[in-house]
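The values are calculated or read from the model by the stated rules, or taken from the named source; none is laboratory data. A quick note: this is a predicted structure, and the numbers were derived from the prediction, not measured. Here the Cβ is made from the backbone with ideal geometry for all residues, glycine too, and neighbour counts use every protein chain on show. Accessible surface areas use protein heavy atoms only, side chains included; no ligands, DNA or RNA. Shrake-Rupley method; radii C 1.70, N 1.55, O 1.52, S 1.80 Å.
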Amino acid sequence: MNMITNHLPTKELQALDAAHHMHPFTDGAELAEKGARIITQANGVTLTDSEGNEILDAMAGLWCVNIGYGRDELAEVAARQMKQLPFYNTFFQTSHVPAIALAAKLAELAPGDLNHVFFAGSGSEANDTNIRLARHYWAAKGKPDKKVIVSRKNAYHGSTLGGASLGGMTPMHAQGGLPIPDVVHIDQPHWYNEGGEMDRDAFGLERARQLEAKIAELGEGKVAAFIAEPIQGAGGVVIPPDSYWPEIQRICDAHDILLIADEVICGFGRTGNWFGSQTFGIRPDIMTIAKGLSSGYAPIGGSIVCDEVAETVANAGDFNHGYTYSGHPVAAAVALENLRIIEEESLIDHVRDVAAPYLADRWATLTDHPLVGEARSLGMMATLALTPNKETRAKFASDEGMIGLRCRERCFANNLVMRHVGDRMIIAPPLIFSRDDIDTLIERATRALDETYASIREDGLLKAA
Ligand SMILES: *Cc1c(COP(=O)(O)O)cnc(C)c1O
């Protein structure tokens, strides 16, 4: 076969892609018809595609490129580590310096007594680990019946069998016979969609108390853990009411239930602290990490575990669990360098003091747009609800997601990556976003919203369900 390079015409690359490459979360037939957008390089906050378009990446790849693209330091660290020790495992009482150094660094950064790290290759794998860890912990404490993990509808915890079972995405459950046994789901704290006439905080309390009701229904002796993202990401950047997390924390403490905070998106600066748990005052027993841990430069995830759980598991014989690439030396070295950059360049201060306040101001102005029912942000995450009726928060009469998809396409046409979840638009830009980048974002998003509004009016789609 001829060399396949950036210099092939886009059409040829698209044809090869459709013929041989099965894509995640993609309708294959539609992809074959339209052709994938092919990204060839990136620098800072800007992507370049095979047609030479320069696109502002307001999604940081997939919520992960926190430090931005094109940092040579990470490439150099990876090359050095590959030459010195490209691989060794951490099974059977062996270790290596990158895994040791990264675990120690994470223990230093993580709040409370979260002092122990079990490495995985991704967020999904880390959540699989968490299921094993929580159940094994209770068994070691003489409570083998504490097995049920409570999660939430519309949560995202990954795509492995365990991760997708913990997640509350019904289209994922529908394929492959999920969830696995002993995983149950309560309602999410999504006030805009589900709060009706209730006040935000009253609604937050009602949703948190569903956890207490579920524990009462199953029996405290059956429930191992509750897992949740501080802010639901893939579910549509659902920022919970202020009342929600304190009540969840109270319930977990009162009923001896492990609290697992899935920090895969919220971790590493996105909410203006190292972890989303700090922003919301959550005291988790286990945190799931991935994505921003390496800014996506290398695949790596993990679980940061508190003293009590780690020590109990350590004294319960072999933990019969692990991945070939747990603590992979190249990925660990890259992650360490990424953390060094976040720390030394004060990126979290930049988020808290500069970027997030400015984003919040500018993003809020989008509520003036006739199509926008809600514009909300926290740290470097933001969401827009599109609606045909701002007063009633109505949904569109068209199939859910159709208007959101149109808006995403208008964003792309205006050189902006914004994602849609149903008829909701979301962003999670690199943490290095400057005020100028935010101005560019708002300008392009406004144009995309105007074009979407014009096109759906023309097609008679501005109708409430
Ligand atoms: C992306 C994500 C995961 C899964 O991580 P992968 O690296 O894709 O396996 C888990 N939890 C949350 C909150 C995520 O956003």
Q: Over segment 35-170, give the accessible area per residue in Å² for a 1.4 Å probe, as an integer.
A: 44
Q) Mind listing the phi-derived Karplus ³J(HN,Hα) values for segment 212-221, rounded to whole Hz, using 6.51, -1.76 and 1.60 with θ = phi - 60°, and x for any glycine or proline? A) 5, 5, 5, 5, 5, 5, 7, x, 4, x
Q) So what's the convex hull volume per residue for the Cα atoms of the chain, in Å³? A) 155
(Q) Around ALA290, under 11 Å between beta carbons, what's the net of Lys plus Arg minus Asp minus Glu among the other residues? (A) -2
Q) Summing Lys, Arg as +1 and Asp, Glu as -1, what charge do residues with Cβ under 15 Å from the Cβ of LEU106 carry, LEU106 excluded? A) -3
Q) Can you give the FRET efficiency for ARG340 and SER434, using 1/(1 + (r/R0)^6), R0 = 25 Å, r = Cβ-Cβ distance, to the nearest 0.05? A) 0.75
**Q.** Rounded to 5, percent antiparallel among DSSP beta bridges of the chain
**A.** 65
Q. Which FRET efficiency value, to the nearest 0.05, do you get for ARG447 and LYS83 by plugging their Cβ-Cβ distance into 1/(1 + (r/R0)^6) with R0 = 30 Å?
A. 0.05
Q.
Can you compute the charge dipole magnitude of the chain about its Cα centre, using +1 on each Lys and Arg Cβ and -1 on each Asp and Glu Cβ, nothing else charged? Give it in debye, rounded to the nearest 20.
A. 600
Q. Rounded to a whole number, what % of the accessible area of segment 206-358 do carbon and sulfur atoms account for, probe 1.4 Å?
A. 48
(Q) Projecting each Cα onto the charge dipole of segment 73-344 (Lys/Arg +1, Asp/Glu -1 at the beta carbon, about the Cα centre), which of LEU109, GLY158, SER243 comes out farthest on the positive side? (A) GLY158
(Q) From the helices alone, meaning DSSP H stretches of at least four residues, give me the mean residue ellipticity at 222 nm for the chain, per-run term -39500 (n - 2.57), in deg cm²/dmol to the nearest 500. (A) -12000 deg cm²/dmol
Q | Rounded, prolate or oblate (a/c below 1.5 giving rounded, otherwise prolate when a/b exceeds b/c) for segment 90-192 by Cα gyration tensor | A | prolate
Q: Give the peptides 22-32, 355-365 in descending order of average Cβ contacts within 10 Å, highest first.
A: 355-365, 22-32
(Q) Along the Cα→Cβ direction, 7 angstrom out, place labels at GLU220 and MET198. What is the inter-label distance in nm? (A) 2.4
Q: Find the percent of Cα-Cα distances in segment 73-344 that exceed 27 Å, and round it to a whole number.
A: 36
Q.
How much length would be gained if the chain were fully extended between PHE25 and TYR358, taking 0.36 nm per residue of separation minus their Cα-Cα distance, in nm to one decimal?
A. 116.6 nm
Q.
7 Å from Cα along Cα→Cβ at both ALA397 and LYS143: what's the point-to-point distance in nm?
A. 5.4
Q: Report the relative contact order of the chain, percent, no decimals, based on alpha-carbon pairs under 8 angstrom and at least 6 residues apart.
A: 19
Q) So, with a 1.4 angstrom probe, what is the percent of accessible area on segment 1-78 that is carbon and sulfur? A) 54
Q | Around GLU345: net Lys/Arg minus Asp/Glu count, Cβ-Cβ under 15 Å | A | -4
Q | Amide hydrogen neighbours beyond the local backbone of GLU374, cut-off 5 Å, H modeled | A | ALA385
